[in-house]
1. For the range 147-157, which residues satisfy the criterion of being in a loop (DSSP other than H, G, I, E, B) and modelled with pLDDT under 90?
2. Taking only the range 226-240 into account, find how many residues are farther than 12 Å from residue 178 by Cβ, part of a loop (DSSP other than H, G, I, E, B) and touching a helix residue (DSSP H, G or I) at 6+ places or on another chain (Cβ under 7 Å).
3. If you take the residues in the range 158-194 that are touching a strand residue (DSSP E or B) at 6+ places or on another chain (Cβ under 8 Å) and in a loop (DSSP other than H, G, I, E, B), which one is farthest from residue 11 (Cα to Cα)?
4. If you check residue 203 against the conditions, is it touching a strand residue (DSSP E or B) at 6+ places or on another chain (Cβ under 8 Å) and in a strand (DSSP E or B)?
5. Within the range 263-280, can one find any residue that is more than 22 Å from the chain's Cα centre (by Cα), modelled with pLDDT under 90 and either at positive phi or exposed (fewer than 13 other Cβ atoms within 10 Å of the Cβ) (or both)?
6. Residues of the range 214-224 being crowded, with 18+ Cβ neighbours inside 10 Å and without any contact (Cβ under 8 Å) to a residue 40 or more places away in the chain, which ones?
7. For residue 90, state whether it is crowded, with 18+ Cβ neighbours inside 10 Å and either modelled with pLDDT of 75 or more or within 23 Å of residue 283 (Cα to Cα) (or both).
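The values are calculated or read from the model by the stated rules, or taken from the named source; none is laboratory data. Being a predicted model, the structure only gives us computed values, none of them experimental. Cβ: placed from backbone, ideal geometry, glycine included. Neighbour counts: every protein chain shown.
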């Protein structure tokens with residue numbers, strides 16, 4: 001059984017199921033045998049929308065248009081965000097389907113690593129907002145939409161170890177990559193822009209946000225509101241604005257897709273993974289082993 005869990009959710013654009021492989025392969029290479037102690041999986045929470053986007057984009061190409069790559073990127077990304085909110089109260093709608101995909105991925109992780117395993121959550125772009133919705137709903141005592149409607153799916157006792165795991169309460173770290181949250185909340189009064197909690201209601205995780213200064217869709221989060229400032233541990237620039245060579249590139253789509261290959265993201269992850277692996281190893285050692293180690 002695995003000792004800990006990494007779950008990765010994609011962002012804007014057409015979803016390739018292998019989107020996280022470059023990062024996972026790099027982590028596996030660096031960790032060696034310890035990688036076998038980790039259950040790594042992807043959350044394809046937008047998969048049910050892909051065929052609709054493909055159909056619309058193919059139809060649009062019957063007219064003359066420039067910047068097709070950028071248009072496709074915008075269509076998929078903004079369409080995903082709009083689809084999530086258009087039917088939030090509808091049972092079986094897009095909001096429900098996205099949350100069910102997240103829930104089922106957490107279920108697989110519980111079977112692979114147990115109900116108490118620490119989780120590192122990696123989310124990209126619009127995936128940050130979708131997972132934020134999932135966690136926000138999971139943190140409410142009652143909710144009238146999404147997978148946590150009516151106390152959550154049947155068959156899981158509220159307050160049980162499995163329920164806590166599925167609600168994300170064993171999360172140790174949340175990495176948001178190119179988070180687009182400000183795009184969906186900027187019209188609200190500042191005191192009404194609320195983040196999910198990272199240190200109350202049974203949650204205790206470190207929220208690290210990474211953004212590229214040339215990425216129009218990736219933003220710092222701490223300045224967004226007092227709530228975000230408290231919940232987010234730190235905003236990291238994947239390439240500092242002081243780097244003139246980066247600033248001269250200007251706005252670009254490449255920056256938004258580059259987080260999975262970012263050395264800064266990778267190094268932070270390795271540090272956090274090694275720390276968690278060390279802690280889980282210590283917890284799983286027997287009392288006799290701990291006593292022997294203390295006597296040395």
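1. 152, 153, 154, 155
2. Residues that pass the stated criteria total 2.
3. Here the answer is 170.
4. Details: touching a strand residue (DSSP E or B) at 6+ places or on another chain (Cβ under 8 Å): yes; in a strand (DSSP E or B): no.
No.
5. No; the residues of the range 263-280 include none that is more than 22 Å from the chain's Cα centre (by Cα), modelled with pLDDT under 90 and either at positive phi or exposed (fewer than 13 other Cβ atoms within 10 Å of the Cβ) (or both).
6. Answer for the range 214-224, where residues must be crowded, with 18+ Cβ neighbours inside 10 Å and without any contact (Cβ under 8 Å) to a residue 40 or more places away in the chain: just 220.
7. Taking the combined requirement at face value, the residue does not satisfy it.
Table: residues versus (1) closer than 22 Å to residue 195 by Cβ; (2) free of Cβ contacts under 8 Å to residues at least 24 places away in the same chain; (3) surrounded by 22 or more Cβ atoms within 10 Å (Cβ to Cβ).
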| position | (1), (2), (3) |
| --- | --- |
| 114 | no, no, no |
| 124 | yes, no, yes |
| 136 | yes, no, no |
| 144 | yes, no, no |
| 151 | no, yes, no |
| 157 | no, yes, no |
| 162 | no, no, no |
